[in-house]
Amino acid sequence: MGTALIKHETQLPTEQLLLEVADVLATSLDLDTTLRRVAEVVRKVIDYEIFAILLLNEKNQELRFRFQVGYPREFAEKARVKLGEGVVGQAAKLRQAILIDDVTQDPRYIPAVPNVRSELAVPLITKNRVIGVIDLEARDAGYFNQEHMRLLTLIASRMAAGIENAQLYTRSTKQARILLLLNEIARELTSILNLDELFGRIAELLRRLIDYQMFSILLLDSSGQMLQHRFSLRFNENVQRKGDIPVGRGVVGYAAESRQAVLVPDVSKDPRYIEGNPETKSELAVPLIYKDKVIGVLDLEHTRRGFFTDEHRRTMMTLAAQVAIAIENARLYEEIARQERRLERDLSLARELQMRLLPQTLPKLDHLELAAKFVPARTIGGDLYDFVPYALSRLGIVVGDVSGKGAPAAIYAALVSGILRSHAPTEPGPSEMLSAVNLSLADRRIEGQFVSLIYAVWDDSHRTLAVANSGLPRPVYLHNQTIQVIEATGLPLGLFDDASYDEFHFQMKPGDLFVFFSDGILDARNRSGELFGRSRVEQIIASCAGRPADCVVDSIFKAVAEHSAGVETFDDQTVVAIKVKDGAPSASPKKK
């Protein structure tokens with residue numbers, strides 16, 4: 001660690017550096033992966049030994065280590081740098097890069113690694129907001145120079161938006177934990193008939209998300225005026241709590257009356273609080289609402305003031321809806337059992353209806369042939385494809401994959417299809433269509449639901465194709481007998497209101513082939529757990545060169561079925577292939 005670094009200048013031209021940065025932004029939404037690749041890009045132009053990316057917590061106005069090389073682990077885990085403190089805090093506050101040749105002569109320096117002499121800190125700024133700082137340190141005085149500062153500033157200016165997108169994506173993936181919990185609760189309903197047993201399971205599952213100390217479930221009595229304790233845990237032990245609570249009285253009574261979650265950071269300062277546990281310092285109460293009717297309250301308590309957060313409140317509000325359903329389903333289990341056969345018939349009908357929502361025939365075009373196939377993982381699924389006629393021999397091509405599976409995904413897919421059709425009369429371009437659908441879904445936001453969608457527009461007169469992607473696997477283009485993976489990526493629709501989408505344009509020739517597919521194709525596993533993978537897809541497409549479009553579709557589905565034989569299909573599978581007909585007359589590309 002004490003060996004001095006060898007100072008060097010970058011060997012990468014600026015254009016190559018920007019391509020490296022663009023590759024990072026285009027290929028990952030995982031925050032850890034993005035930060036690691038930022039570090040790799042920086043190392044290609046500045047040979048560092050001590051490196052850190054600190055991200056800003058806007059609520060506390062603190063910078064925290066999110067990725068580091070060369071720092072003591074304990075320091076990096078615990079360190080909190082206030083905005084304006086130290087070199088990195090100053091860089092964030094002043095919104096400008098800071099280069100220090102000798103930190104021993106600078107009072108702003110906060111020592112963390114022994115024998116550091118020089119430092120370079122550059123703020124990460126996106127949408128006029130500071131989101132963090134990239135910081136380099138070295139044990140040689142004057143190690144960093146103005147060229148290093150210019151290059152690091154260039155990298156930071158491009159990477160900030162990518163890091164922010166990765167942060168947003170990371171936050172959204174936390175919702176997956178809630179979805180897993182909801183799925184587990186739903187599975188419990190198939191075997192638990194006793195409400196008390198169900199309550200215990202809810203308490204167990206909830207602890208995976210919130211480390212509470214006291215937990216209660218209160219249900220409204222038949223009069224709808226009193227809340228009765230039905231289940232209580234106190235420091236992991238079941239307790240019997242007596243005394244009904246009138247609706248409107250206490251924190252739980254107020255939650256039931258107002259139909260809103262109540263977060264109390266300090267119960268001693270809230271006049272609504274009724275002492276039940278002397279140790280309680282903070283409380284969170286969430287109403288259980290089923291079919292617009294309050295049926296009870298979930299109540300969490302902790303011995304630490306300010307323990308519960310807004311994130312806990314949002315999590316509990318999401319869970320409360322599922323818990324209310326679980327409780328009502330347990331009460332009505334016998335009725336559900338009687339209706340089981342009818343539900344099976346309904347699912348069969350739903351599958352038939354879903355299949356009828358797909359195009360019943362493929363469009364007929366002078367210069368293009370099409371092939372498509374969709375196979376749901378369950379009776380009904382969340383994948384979709386469609387063809388939207390435009391004027392002047394143009395055609396919109398849709399391929400989509402809704403989050404989740406089964407009936408919820410199918411219903412959401414139908415919603416997406418309807419939105420697409422509603423925007424089609426204006427004949428938007430691909431990126432315009434994705435943005436329009438994204439905004440429409442934002443107006444109808446459903447927690448945990450989103451859709452990955454490719455939208456393409458084919459111009460049959462000029463044989464041009466425009467493509468935009470919002471999270472589906474990158475499509476494959478067979479052009480001049482060569483396979484190309486189109487680096488079209490983007491955020492799924494329905495997650496972020498302000499997402500934007502790139503648009504790619506292609507002048508296609510006779511024999512050219514474009515293939516779109518959902519991730520159910522790539523993620524199909526065999527008995528050994530091996531994924532079908534992209535390379536197999538590309539090999540099949542290459543083998544179908546010169547053959548009809550349905551060669552690709554049929555061959556991919558046949559290969560996937562053989563690969564995953566004996567393994568339950570986990571995800572819906574969709575493939576759409578388009579091929580320029582041989583002998584089609586040439587045409588000049590449209591100017592863009």
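The values are calculated or read from the model by the stated rules, or taken from the named source; none is laboratory data. Here the structure is a predicted model, which is why all the values come from computation and not from measurement. Neighbour counts run over all protein chains shown; Cβ positions are idealised from the backbone, glycine included.
Structural remarks
- Criterion: under 24 Å from Gly396 (Cα atoms) and assigned to a loop (DSSP other than H, G, I, E, B) - qualifying residue of Arg527, Arg547: Arg547
- On the stretch given as region 242-261, residues that are outside any strand (DSSP E or B) and either of a type in the set (Gly, Ala, Ser) or touching a helix residue (DSSP H, G or I) at 6+ places or on another chain (Cβ under 6 Å) (or both) total 9.
- Restricting the first member to region 59-72 and to residues that are assigned by TED's automatic domain parsing to the domain that holds Thr33, and the second to residues that are in a loop (DSSP other than H, G, I, E, B) and acidic (Asp, Glu), the beta-carbon pairs closer than 7 Å and six or more apart or on different chains are Gly70/Glu49.
- Of all residues in region 440-461, those being buried (at least 16 other Cβ atoms within 10 Å of the Cβ) and either assigned to a helix (DSSP H, G or I) or of a type in the set (A, V, I, L, M, F, W, C) (or both) number 9.
- Here Ile541, Ile556, Ile521 are screened, and the one residue that is assigned by TED's automatic domain parsing to the domain that holds Val402, under 27 Å from the mean Cα position of the chain (by Cα) and not in a loop (DSSP other than H, G, I, E, B) is Ile521.
- Residue tally, condition within 18 Å of Leu152 (Cα to Cα), without any contact (Cβ under 8 Å) to a residue 40 or more places away in the chain and either in a strand (DSSP E or B) or among the charged types (D, E, K, R) (or both), over region 29-58: 5
- Filtering region 559-581 to residues that are assigned to a loop (DSSP other than H, G, I, E, B) and either at pLDDT 95 or above or acidic (Asp, Glu) (or both) leaves Glu568, Asp571, Asp572.
- Of all the listed residues (Ile134, Ile163), the sole one being modelled with pLDDT under 90 and over 13 Å from Ser118 (Cβ atoms) is Ile163.
- Residues of region 427-439 that are surrounded by 23 or more Cβ atoms within 10 Å (Cβ to Cβ) and farther than 19 Å from Val576 by Cβ: Asn438 alone.
- One residue stands out among those in region 379-425 that are in a loop (DSSP other than H, G, I, E, B) and in contact (Cβ under 8 Å) with a residue 60 or more places away in the chain: the one that is surrounded by the most Cβ atoms within 10 Å (Cβ to Cβ), which is Gly382.
- Only one of Glu20, Glu49, Glu58 that is modelled with pLDDT of 85 or more and not hydroxyl-bearing (Ser, Thr, Tyr): Glu49
- Criterion (under 23 Å from Asp23 (Cβ atoms) and without any contact (Cβ under 8 Å) to a residue 12 or more places away in the chain) met by exactly one of Thr173, Thr126, Thr153: Thr173
- Residue match in region 569-579 (condition: over 30 Å from Asp459 (Cβ atoms) and either exposed (fewer than 15 other Cβ atoms within 10 Å of the Cβ) or β-branched (Val, Ile, Thr) (or both)): yes
- Whichever residue in region 487-509 is aromatic (Phe, Trp, Tyr) and within 30 Å of Glu447 (Cβ to Cβ) and, among such residues, is farthest from the chain's Cα centre (by Cα): Tyr501
- Residue within region 222-230 that is outside any helix (DSSP H, G or I), modelled with pLDDT under 90, in contact with a Gly (Cβ under 9 Å, 6 or more places away or on another chain) and among the aliphatic types (A, V, I, L, M) present: no
- Residue in region 268-288 that is nearest to Ile327 (Cα to Cα), counting only those that are surrounded by 19 or more Cβ atoms within 10 Å (Cβ to Cβ) and among the hydrophobic types (A, V, I, L, M, F, W, C): Leu288
- Flag for Leu491 being assigned by TED's automatic domain parsing to the domain that holds Leu415, aliphatic (A, V, I, L, M) and part of a loop (DSSP other than H, G, I, E, B): yes
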